[in-house]
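Input: a single structure, listed below in structure tokens.
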Amino acid sequence: MAGQQTAPPSARRAETTYTQHGIERLDPYSWMHDVGSEESQANLRAERAFYDAATAHLGPLAQGLTKAMSARIPPTEVSVTRDRCAFVYYTIRREGSDYGEIRRFRRTIATETGPTERSDDEIVLDLEQLRGESAHLELGVCEVSPNEQLLAYSVDVTGDEVYELRFRDLRTGDDLPDRIPRSYYSAAWSSDSGSLFYTVHDEAYRPFEVRRHVLGDTNGDDLVFREDDVKYDVEVRGCRSGRLVVVHTANRDTSEEWLVDAEHPDEAPRCVEPRRSGLEYYVEHAPSPGEDRLTVLTNDDAIEYQVMVTPTAAPGHENWRPLVPEDPSVRIERVDAFAEHLVLSVRTGGLPQLIVTDVDGAVLHRLDPPAAGSVQLGDNDLWETPSIVVERQSFSEPAIWYDVDLATGAATERHRADVPGYDRAAYVSERIEVPARDGVPIPVTLVRRTDTPLDGTAPCLMYGYGAYEAIFEAEFDVPLSVLLDQGVVYAHAHIRGGGEGGRRWWLDGRLEHKHHTFDDYVDVAESIGGRLVDGDRIASRGLSAGGLLQAAVFSRAPRVWRAVVAEVPFVDVVTTMLDPTIPLTPNEWDEWGDPRRAEDFAWMLAYSPYDNIPPAGGRPDLLVTGALHDARVMVWEPAKWSAALRASDPEWAPRCLFRVDLGEGAHAGPTGRFARLTYEAEIYAWVLDRLGH
């Protein structure tokens, strides 16, 4: 083993006792919450040093994987184009560039084959220049003004999700003096391009205000909306028509929306329908001939949602009229309005589909995904348009974008992802179902090379998430394609708690039903192990809430796994949810439960990984990740869990690695194109080594 530190860190134990609902919990590592203390910093440095030493022998394998991944990245990578009224926008990344440039050219010289670099193309943003000396760059918002003369963009170069909002004059390429040091993700322009609505998050990272900045005004920004309920998050968006701005405030199962006239941005917002517990709705401006109206996507008397319409001038619930009724087998996830059509993004049979209707809701045609893949709208900014951009792909099929005629459904290829050296015919994606222990069929997407058998002999990497009704669509991924080349089967388990099976799928995997998420995942592994893949060589991976999943199944079924990768895992569930000052906690109560209530406390304590350390012996190898600047899962959570696991099984302790990013770094890992490849190669090298590669 290379390096100085050949033994894992042995963190100091200092017992702290918490008592809740008459139950005592011991927390021997609560001192790690003080991340800025010298002791915590020294512990994190020691963890990183041990990780580096313990994985040094994997360097050649990781370098080989990085080389193979990089070979599937074209020297010059050009994105699909994005049409606006005057210009066409695209991103170009040249050889060796992590971030590249956002460029544009006038629509009069657009070609059917997509952009090629021209001498008169304008640079909108040079992303490499923006990051400066930082290893991290994330754009929060990137919004071109309606007159296409200005750009509002926000930048985070540390990974802490605090974005500085800036404004650029696209006629000169110069930034304006206007700068806003703290902003969050969403923003919308007024119709006259003179002001921008944006969101601000509080010290607990909850977006709670919408403010309006008038370009050039140094007197302070107007407060448009403030959400005082700590369980609600706020966002703001513009409608495609350009005439309305929508303020959206919501917790996990209740929402409320407010309208601002984009043509009169200084007017006060007006509420569409006051919040009622359990009622969710999302409006979109969709004027039709003879009526200025909104579409309303809502769960009102419709678990899987229905579409209604209402007058813009009087949008309250009493005026909602049915347009597309609920179908219990189809979850309607989104409605996009265009001048003469609506596009519904739905999920049926666990797979996505696009449905194009006329303005009265009559179905014109449906757009399906490739086998076990995804289909979704691309970037479509134009209100009056005869066609839309649609993207289709799968885990084994690189993305192809099509121009789809809204009236006829005829599709013309617009752009396809360039993946040098990749033979689509050599890989296959397929969907199977596995029965859970309670009889519910769990969908699983299996991806492999066609020459990798499904006869119980190949190693497997499983992936899962299962929270927030979130859906990880099947998207082509270069690093995954290289892993498949090593003869590994990839199994994505679509477990309860996610949204793959509609709203009911989420409801059956949250709060008191959270155990279904963990049980489903174990049941999938036990079903495919020995039958389709090698049951002795199953590795598992997940991030954030998916990291919680990995930690929970590590404790509940340790002998199922050969290795587990828990990335930025949410593992100290009860402690975190008892502290409303920790970022994002109050808004999470409706997902996990509020442990101040005895019933919620009981079910959360039953699965919280930090409170359920498994017995010594029989544990799989474990790789945990964390990031010092992570604003979503505090770095002390994986640090405490790793220390507790090692202390409970000293013989196994060297097989527990904690990879912590001590510099710039975000919740989901590196953001740069090649930095991400290097990271993925590092993770996959460890996985392959554990699987006996």
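All of the numbers you see were taken from the coordinates with simple rules; none came from a lab. Every value quoted in this text rests on a predicted model; they were computed, and no experiment measured them. Here the Cβ positions follow ideal geometry from the backbone for every residue, glycine too, while neighbour counts run over all protein chains shown.
How much mean residue ellipticity at 222 nm does the chain get from its helices, if each DSSP H run of length 4 or more adds -39500 (n - 2.57) and you divide by all residues, to the nearest 500 deg cm²/dmol? Display every interim value, and only then the final one.
Numbers: 12 runs with 126 residues, N = 693.
Theoretical 222 nm ellipticity from helices: -5500 deg cm²/dmol.
How far, in nm, would the chain grow between Glu384 and Arg437 when pulled straight, counting 0.36 nm per residue and subtracting the alpha carbon separation?
Details: separation 53, 0.36 × 53 = 19.08 nm, distance 5.07 nm.
14.0 nm is the gain from fully extending Glu384 to Arg437.
Can you check what the net charge comes to around Cys239, using other residues whose Cβ is under 13 Å from the Cβ of Cys239 (Lys, Arg +1; Asp, Glu -1)? Intermediate results must be reported in sequence, preceding the final value.
Details: positive: Arg237, Arg240, Arg243, Arg293; negative: Glu257, Asp261, Glu263, Glu284, Asp292, Asp336, Asp381.
Neighbour charge sum, excluding Cys239 itself: -3.
What residues have an amide H closer than 5 Å to that of Ile471, excluding those fewer than 5 places away on the same chain, when H is modeled at 1.01 Å from N in the peptide plane?
Here the answer is Gly499, since their amide H atoms fall under 5 Å of that of Ile471.
Could you list which residues have their amide H under 5 Å from that of Glu333, counting only those 5 or more apart in sequence or on another chain, with H placed in the peptide plane?
Under 5 Å from the amide H of Glu333: Ser345, Val346, Arg347.
Among DSSP beta bridges whose residues both lie in the chain, state the antiparallel percentage, nearest 5. Can you show the working numbers first?
On the way: 127 of 152 bridges.
Antiparallel: roughly 85 percent of the beta bridges in the chain.
Could you check the spin-label model distance between Val230 and His515? Points 7 Å from the Cα along Cα→Cβ, value in nm.
Here the answer is 3.0 nm between the modelled labels.
Cα-Cα pairs above 35 Å in the chain: how many percent? Walk me through the numbers on the way to the answer.
On the way: 109128 of 239778 pairs.
Cα-Cα pairs in the chain separated by more than 35 Å: 46 percent.
Give me the net charge of Ile355's neighbourhood, meaning all other residues with Cβ under 13 Å from the Cβ of Ile355; Lys, Arg count +1, Asp, Glu -1.
Numbers: positive: Arg331, Arg334, Arg347, Arg366; negative: Asp327, Glu333, Asp336, Asp358, Asp368.
Net of charged neighbours comes to -1.
Using only the alpha-carbon atoms, what does segment 428-556 span along each of its principal axes? Please give whole angstrom values in decreasing order.
The Cα atoms of segment 428-556 stretch 42, 27, 24 Å along their principal axes.
Please name whichever of Phe601, Ile582, Val568 sits farthest to the positive end of the charge dipole of segment 563-608, dipole taken about the Cα centre and charges placed at Cβ: Lys and Arg +1, Asp and Glu -1.
Towards the positive end, the residue furthest out is Phe601.
Run the dipole for the chain about the Cα centre, Lys and Arg Cβ at +1, Asp and Glu Cβ at -1, nothing else charged, and hand back the magnitude in debye, nearest 20. Walk me through the numbers on the way to the answer.
Working: 70 positive and 117 negative charges, 400 e Å.
Its charge dipole is roughly 1920 debye.
Just flag the GluC sites (Glu not before Pro) in segment 134-237 sitting in loop per DSSP whose Cβ has no more than 10 other Cβ atoms within 10 Å. Don't jump to the answer; show the numbers that get you there.
Details: sites: Glu138, Glu143, Glu148, Glu161, Glu164, Glu203, Glu209, Glu227, Glu235; in loops: Glu148, Glu161, Glu203, Glu227.
When the GluC sites (Glu not before Pro) of segment 134-237 are filtered for loop state and at most 10 Cβ neighbours within 10 Å, Glu203 remain.
Suppose R0 equals 30 Å. What FRET efficiency, 1/(1 + (r/R0)^6) with r the Cβ-Cβ distance, do Val363 and His317 give to the nearest 0.05? Each step should come with its number before you reach the end.
Numbers: r = 26 Å, r/R0 = 0.86.
Efficiency, from the Cβ-Cβ distance: 0.70.
Once you put a point 7 Å from the Cα of Glu599 and another 7 Å from the Cα of Arg45, both along the Cβ direction, what distance in nm separates them?
5.0
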